[in-house]
Amino acid sequence: MSTAIIDENQINGLLNEAGNATKEEINAIVEKAKECNGLSLGEAAKLLQIEDQSLLENLFEAARWIKHKIYGKRIVIFTPLYSSSACSNNCLYCGFRAANKEMERKTLNLEEIRQETRAIEKEGHKRILLVCGEDRKNTDIDHITGAVKAIYEAGDIRRINVNAAPMSVADFKKLKRAGIGTYQIFQETYHRESYKKMHPTGLKADYDYRLTAVERALEAGIDDYGIGVLLGLYDYRFDVLATLMHAEYMEKQYGIGPHTISIPRLRPAPGAAIEKAPNPVSDQDFKKITAIYRLAVPYTGIILSTRESEEVRNDVLNLGVSQISAGSKTSPGGHDKKNAKASQFETSDERSLDQMLTVICKQGHLPSFCTACYRTNRTGKAFMDLVKDIDINDLCQLNALLTFKENLMDFASEETVDTGEIIIRESLEEMADPGARAKIEAALLAIEKGQRDLFR
């Protein structure tokens with residue numbers, strides 16, 4: 001079944017053919033992408049061959065234009081909550097691998113999860129990505145759904161997305177009933193032989209079961225899913241094209257493409273079996289990858305993690321990224337400072353959420369803590385239809401303004417308030433409809449007077 005999803009021969013053939021693309025062909029593909037209808041696999045393969053600086057600049061400019069056309073200025077903010085470092089897998093690149101005997105294993109109980117949630121909320125977050133290792137004794141579906149419930153009970157976290165191991169349809173149905181948003185799973189690498197090498201033992205060694213996880217999630221009713229690869233495990237050109245092939249397959253088979261594509265790049269991990277990436281991805285290529293995803297699947301959210309340095313994150317924010325993590329801790333209890341040692345991998349951007357908000361605003365973007373689509377049934381196909389018709393922009397801007405205003409009132413430093421109010425004012429001035437602007441101004445005033453959680 002999986003060979004119908006990922007055809008390695010086709011991918012290699014497209015990449016070989018793409019090497020003959022002319023500058024004129026490349027520029028024509030980039031120009032076509034501005035129609036916001038995406039690209040074919042063959043067209044994406046040609047963009048992956050770009051090395052010429054002038055062609056790269058054209059690509060980057062198109063990515064900025066498309067992102068703004070579809071999503072406006074908003075950048076969605078979230079942070080991960082790691083509930084457990086227990087894991088039965090032996091992924092060579094991961095600190096959580098079972099063979100790492102130096103790892104301080106920790107699985108948070110429900111009260112510890114609530115404490116971690118409250119610590120995250122005090123930082124100003126409203127969206128959490130729940131993450132845990134794969135261990136049937138410690139992190140089964142009951143652990144995950146219990147964690148989801150505990151997070152919601154702890155305070156005012158409004159949406160939980162989940163990054164977890166593949167499950168059966170029955171377990172995915174339990175996850176759906178728990179009230180999650182997006183289910184996220186990375187294939188790590190779509191290259192079968194490299195996957196086998198990187199995952200020698202454990203449940204994760206089953207390439208096909210992992211690849212088909214999002215189909216079981218859809219069958220269970222979870223209609224928002226996120227995919228991605230760990231850049232650096234194999235040739236990025238192959239893995240990017242394979243990710244797009246997976247997205248194309250899901251679109252054709254189910255009418256629902258990925259809600260998000262993540263772009264993690266391999267980082268050092270304490271206790272990992274490999275010290276560096278087998279196929280390193282340069283900063284320039286990383287930026288190219290980000291831009292190509294934006295052109296090829298314009299409707300998809302692109303997620304940037306704190307694996308990257310401050311400099312790279314600042315640059316890539318302008319290349320089509322629509323979601324970023326901030327203030328991330330990759331150990332269970334890391335936000336609550338009670339167990340900060342057992343990290344899955346090293347983060348590079350250590351800036352706090354508040355510091356990131358200032359940077360985002362100074363770049364002309366609008367931070368967003370929006371969870372409106374999940375709570376108004378704008379998920380799955382309904383969300384995709386809005387994005388593809390470019391009808392999501394106004395909703396994104398409105399909800400970004402309201403949720404960011406909340407953060408400025410409740411959590412932000414003086415510097416962030418100053419820069420944030422400027423970006424809010426500029427965003428209002430850019431609105432063409434005076435009636436819509438008046439409604440948003442009234443809602444912003446209501447927030448100033450104490451109302452919270454306003455959205456549409």
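The values are calculated or read from the model by the stated rules, or taken from the named source; none is laboratory data. Just so it is clear, the model here is predicted, and its values are computed rather than measured. So basically every Cβ, Gly included, is an ideal-geometry build from the backbone, and we count neighbours across all protein chains shown.
Here are some notes:
- Candidate set: region 428-447, residues that are in contact with a Lys or Arg (Cβ under 7 Å, 6 or more places away or on another chain) and outside any loop (DSSP other than H, G, I, E, B); chosen: the one farthest from residue 126 (Cα to Cα): 428
- Scanning region 132-160 for residues that are buried (at least 18 other Cβ atoms within 10 Å of the Cβ) and of a type in the set (Asp, Glu) gives 134, 135.
- Restricted to helices (runs of 4 or more DSSP H) entirely inside region 161-251, those with at least 2 residues that are crowded, with 21+ Cβ neighbours inside 10 Å and touching a helix residue (DSSP H, G or I) at 6+ places or on another chain (Cβ under 9 Å) are 169-177, 213-219.
- Some residue of region 131-138 being within 24 Å of residue 260 (Cβ to Cβ), at pLDDT below 95 and part of a loop (DSSP other than H, G, I, E, B): yes
- If the condition is being more than 23 Å from residue 12 (Cα to Cα), assigned to a loop (DSSP other than H, G, I, E, B) and free of Cβ contacts under 8 Å to residues at least 12 places away in the same chain, then region 23-54 contributes only 35.
- Selection count where residues are among the aliphatic types (A, V, I, L, M), under 16 Å from residue 230 (Cβ atoms) and assigned to a helix (DSSP H, G or I), scope region 271-297: 1
- Candidate set: region 65-96, residues that are within 20 Å of residue 244 (Cα to Cα) and touching a Gly at 6+ places or on another chain (Cβ under 7 Å); chosen: the one surrounded by the fewest Cβ atoms within 10 Å (Cβ to Cβ): 66
- Residue in region 146-157 that is among the hydroxyl-bearing types (Ser, Thr, Tyr), outside any loop (DSSP other than H, G, I, E, B), under 19 Å from the mean Cα position of the chain (by Cα) and modelled with pLDDT of 95 or more present: no
- Among the criteria (1) in contact with a strand residue (DSSP E or B) (Cβ under 9 Å, 6 or more places away or on another chain); (2) over 18 Å from residue 70 (Cβ atoms), the one residue 427 does not fulfil is (2).
- Just one of the numbered conditions (1) closer than 23 Å to residue 408 by Cα; (2) assigned to a helix (DSSP H, G or I); (3) of a type outside the set (Phe, Trp, Tyr) is not true of residue 70: (1).
- Of all residues in region 206-261, those being under 18 Å from residue 191 (Cβ atoms) and polar (S, T, N, Q) number 2.
- Of the criteria (1) surrounded by 15 or more Cβ atoms within 10 Å (Cβ to Cβ); (2) outside any helix (DSSP H, G or I), which one residue 450 fails: (1)
- Across region 380-430, the qualifying residues are those that are among the basic types (Lys, Arg) and surrounded by fewer than 18 Cβ atoms within 10 Å (Cβ to Cβ), and the one among them that is farthest from residue 444 (Cα to Cα) is 381.
- Taking the conditions (1) within 24 Å of residue 205 (Cβ to Cβ); (2) at pLDDT below 95 in turn, residue 87 satisfies each one other than (2).
- Sub-7 Å Cβ pairs linking a first residue in region 149-176 that is on the phi < 0 side of the Ramachandran plot to a second residue that is acidic (Asp, Glu) and crowded, with 20+ Cβ neighbours inside 10 Å, at least 6 apart or interchain, are 165/134, ordered by first then second residue.
- Of all residues assigned to region 19-27, at least one qualifies as being surrounded by fewer than 17 Cβ atoms within 10 Å (Cβ to Cβ), over 30 Å from residue 154 (Cβ atoms), at pLDDT below 95 and small (Gly, Ala, Ser).
Quick grid of which residues meet (1) more than 26 Å from residue 85 (Cβ to Cβ); (2) assigned to a loop (DSSP other than H, G, I, E, B); (3) at pLDDT below 95; (4) not polar (S, T, N, Q):
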position	(1), (2), (3), (4)
299	yes, yes, yes, yes
307	no, yes, yes, yes
313	no, no, yes, yes
328	no, yes, yes, no
332	no, yes, yes, yes
337	no, yes, yes, yes
351	no, yes, yes, yes
357	yes, no, no, yes
364	yes, yes, no, yes
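- Subset of region 79-127 (residues that are aliphatic (A, V, I, L, M) and in a helix (DSSP H, G or I)): 110, 113, 119, 120
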